[in-house]
Structure formats: structure tokens, C-alpha cells
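All remarks here apply to the structure that follows.
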Amino acid sequence: MTSENKLEKLEELFSYLTREKMFNGCVLVSENGSPMYEYVNGVAAIDQSKQLTKDSRFDIASVSKSFTAMAIMILKEQQKISFEDVLEKHLSNLPYQGITIRNLLTHTSGLPDYIDWFEEKWDRKKIATNKEVLELFLKEHQPSLLFEPGDKWEYSNTGYILLAEVIKEVSGLTFEEFLESNIFGPLEMHHTQLLSRRINKDSLELAEGYIYDRENDDYKIPDHMDEHRYVYFIDGVRGDGAINTTAKDLYKWEQAIYANVLIKENTKNEAFKPAVLTNGESLGYSVGLHPDVEAGYGFGWSIENSSQTGKILSHGGYCAGFHSFLIRYVETNRSIIYLSNVDYLDFYDNKIHHDIVLQIENILFDKEVKLPSFPVSNNISSEIKTS
């Protein structure tokens, strides 16, 4: 399929998604190192009758982890840290021994996630910070490790909060200052911030996150919904999320990584190798873009090898009201950046975000494309013919 054909299919796909109220956000698709398609649609702030633009900033949630990992790699090249350093070398008074920086980067530390505990124990009227996670969850509560470091894989936001604290301790800068001076500034990511949305309410071009009730055609604020209240009370936590950015800035980020602008090739390659567990397993323990493809996890990236698309590096981000994907097809020099500021009241409707990304991939790789549909509307069987 020619580039012109792909562009036509992408336009057809997003025309359909817009018409069916399935996409509110911004998408950027690149091929051969250049953007080939960028599309923005929908509401940015209902109370201000404000529409999204290409400069609208989205909360990318866990996609932020790739920035935290990069900060660690920069410090490694500055010879201020080693991936094999144990945590206690840089952070004292924690009740854990033998967890390495590599374990934290690859989610093999065994540390349980802090969010469930905060859901149950924290005063939901207050905004927690890294300090509370360290003092209340790790030092006072002292949860047991889920397994010995390196034995298994278990996604842990806690590990990335600790990495942010290590960066602060080793560099002498706040986490925000380090990202700004070493990543955002050098890459001219002028529309990117690490911030607390509930505190920095006046930040320019922030897209608000919404939960859409399709049945009643109503947009809800997640802060006001008990099941999504966590977006308020963990808004001060750093390292595992909280970066707000645009599709264009994320494209600068993605391109800079592969051009080795910030770090050397051999350091970057460390990030893109799946962690090897103590039993020798390097794939199959994690989940990537395709549930049916065995995946591993590197430094802030899911890693999978598909027979149809080659090596894929990806990460998704979710917090109530926001969905994001950053995907790189290594061998074909293609990428997908997907940002949405609307979730759905029905939990199962939210798989639409993943379905949309897979259909973009199908267009890029000249595969059959099926128009996405919500679970309750799965009678839609229309296809976009590939050529």
C-alpha cells in the first residue's frame, strides 16, 4: 500500500470514529522518520466550551515511565549511578535489601503497588506526594515483597516513585528540575510539563479528562466519582506518571530516543532488552501491545517481537479520563502516538482505545482493517479495504 493509500485509510478511519463519538483526542502517525498523519478532534474543556488543538496537553500517565527511565540512564552515563546499585546505596532507612536500580526499572523488584493501599487508607481530601508514599506506605506499613527481586515480574508504580527519589538524591535537583534541564529543555519540548493538575490549574492548554456516559450523553469529571477519586489524591506523586504533553512533543521525544540525542547507543540498548528473570525467562511474563504475542519489559518499555510487524517497543498510559499509547516499530521506522482525554462509564467500552491503535497498525502494515465498535454495538462488521 502506498503512503497515499495509507493516508486515505487513516482519514476514513478517523472520520468514522469522529462520527460515532469514539475518539476525542489527538493522534500522530509517522513513517520513515516523518509524520504522515496527524488528527485532532473533540472537547478540551466543556465548562469553557474549549475544543482540542494540536497544542492541547494530555496527561500521559504511565507513558511517563520512559522519561523516568531515561533520567536514570543519563545519570548512569554521568557515572553517578549503576543499574546494579542496590536501592539502599541511595535511599536510606527503607526496610528492603537487595533491590537494584535494574529491578525497579524492569518491575522485577517485588514491591507491591502503593495505589490500592492509598485507596483504602488515605484521606481522599488530601493530595499525596512521594514523601507520603515513602513514609507511610514503605516505612510505616512496610508491605512484604511479593517475591524475591528478579524472580518474577509484577508491574509496580511504587518502583518508579523510588526511581524519582533516587534521581533527586543523586543529582541534587528536584525530579521536575532534572527532567526540564536534561530532557524537556534540550529536546525543545516546550509544551511538556511534569505537574499536579489539581494544583497547577492555570497551566496553559491543558485538556481536561472526562468520563463519558454514552447512554445519557453526559460527560463526568472523574474527581467527583468515588471509583475514580484516586486521580485527585495521588495527583502529587512523581516518577510513575504526571507528565502532560502534546502529540508533537511526544514525537520529538520518540525521535530523539532513536537518534541517540540524549544517551549513547549502548546505553539505549540496555533499555530495549527485556529483563531476564532468575529462571532465565525473558519473554512471556509481561503484556505488550498484542495479548497473543509473548512480551518482556525493559527500562520503561514493553518489548515484543511480532512475526508480522517485527520488534515493537510500546507503553500505554491510563488514569481516569485519559488514555495514551506510544508505540515504535523498530525495524520499519514507524510510530503511533495516541492521546485521548475521554474514557467511558462502562469499563468494557474502554477497550475501544486499544482497538483503534490496532487498526492504525493494520493500516500501516497493509493488513485487514475492521472499524472498531463498542461491545454493545458489535454488529458493525464494516471493513476498510486495503490496497
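Just so you know, all these numbers are worked out from the coordinates, no wet-lab data involved. Because the structure is a prediction, the values reported are computed rather than measured. All Cβ positions, even for glycine, are placed from backbone atoms using ideal geometry, and neighbour counts span all protein chains on display.
Of note:
- Least to most buried among 122, 117 (fewest other Cβ within 10 Å first): 117, 122
- Each 20 Å bin from zero holds the following percent of Cα-Cα pairs in the chain: 28, 60, 12, 0.
- The phi torsions of the stretch 305-312, fed into the Karplus equation with coefficients 6.51, -1.76 and 1.60 and a -60° offset, translate into couplings of 10, 9, 5, 9, 10, x, 5, 10 Hz, rounded to whole numbers, with Gly and Pro shown as x.
- The length gained on full extension between residue 213 and residue 92, counted as 0.36 nm times the residue separation minus their Cα-Cα distance, comes to 38.9 nm.
- Nearest-ten-degree value, helix 351-364 long axis tilted from longest Cα axis of the chain: 70 degrees
- Sparsely packed trypsin sites (Lys or Arg not before Pro) within the stretch 1-74, loop by DSSP, other Cβ within 10 Å at most 16: 21, 54
- Net charge contributed by nearby residues that have their C-beta within less than 13 Å of residue 246 (K/R +1, D/E -1): -3
- Potential lengthening between residue 45 and residue 368 on full extension [0.36 nm per residue; Cα-Cα distance subtracted]: 112.7 nm
- Quotient of C-alpha Rg and 2.2 N^0.38 Å, computed over the stretch 89-177: 1.07
- The stretch 31-140 - Rg over Rh from alpha carbon coordinates, Kirkwood radius: 1.09
- By the rule of a C-alpha distance below 29 Å, with chain neighbours fewer than 8 residues away ignored, the lysines paired with residue 121 are 65, 131, 139, 152, 168, 201, 220.
- For the chain, adding -39500 (n - 2.57) for each run of n ≥ 4 DSSP H residues and dividing by the number of residues yields -7500 deg cm²/dmol at 222 nm.
- Loop trypsin sites (Lys or Arg not before Pro), the stretch 203-259, which have at most 15 other Cβ atoms in a 10 Å radius of their Cβ (DSSP): 214
- DSSP bridge pairs, the chain: antiparallel proportion in percent, nearest 5: 90 percent
- Net +/- balance of residues flanking residue 164 in space, Cβ distance below 13 Å, scoring K and R +1, D and E -1: -1
- Under 26 Å from residue 9, Cα to Cα: lysines that are on another chain or at least 8 residues apart: 21, 54, 248, 252, 311, 351, 367, 370, 385
- Relative contact order for the stretch 3-384: 23 percent, from Cα pairs under 8 Å spaced at least 6 residues apart, divided by residue count.
- Taking other Cβ atoms within 10 Å as a rough exposure proxy, 243, 221 sort from fewest to most as 221, 243.
- Angle between the chain longest axis and helix 3-19 axis [Cα atoms, degrees, rounded to 10]: 90 degrees
- Nitroxide proxy distance, nm - points 7 Å out along Cα→Cβ at residue 351 and residue 272: 3.2 nm
- Rg(Cα) / (2.2 N^0.38 Å) computed for the stretch 33-92, rounded to two decimals: 1.85
- Around the Cα centre of the chain, unit charges on the Cβ atoms of Lys, Arg, Asp and Glu (plus for the first two, minus for the last two) sum to a dipole of about 660 debye.
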